[in-house]
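Here's the structure we're looking at; comments come further down.
The values are calculated or read from the model by the stated rules, or taken from the named source; none is laboratory data. As the structure is a computational prediction, the values presented were derived from the model and not from experiment. Quick note on the areas: whole protein, heavy atoms, side chains included, nothing else; ligands and nucleic acids left out. Shrake-Rupley method; radii C 1.70, N 1.55, O 1.52, S 1.80 Å.
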Amino acid sequence: MNKQIDKLIEHIRELETRLGEVDNNLRYIKVVQALKHSLEKLDNMLKDNTTLQREYQAIYLSYFYTGCGFSFYDRVCNSILDYQYGNRPF
């Protein structure tokens, strides 16, 4: 299970990097949707297992909780909604 979670976290980091490199609207929305899907998958993997929650607590908190403003997950969801309402970044 740890290998799956580590692989998923690596995938999320790759998607974050790709998000900075997109050059058109279609690639942008595809990466943002993939990020949302991967973050929800991470949440579901850690939801029921308390030992895994403790092990990956720092990473989970960095994606789903905030000290001020919106969390990373909230910003991804807001970006998708903003795109659906017609605001295109490119």
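The mean of 1/r over all distinct Cα pairs in the chain, once inverted, gives the Kirkwood hydrodynamic radius of 13.9 Å.
Under the criterion of Cα pairs below 8 Å and six or more residues apart, the relative contact order for the chain equals 30 percent. A 1.4 Å probe run over the stretch 16-90, with the rest of the protein chains in place, finds 68 Å² accessible per residue.
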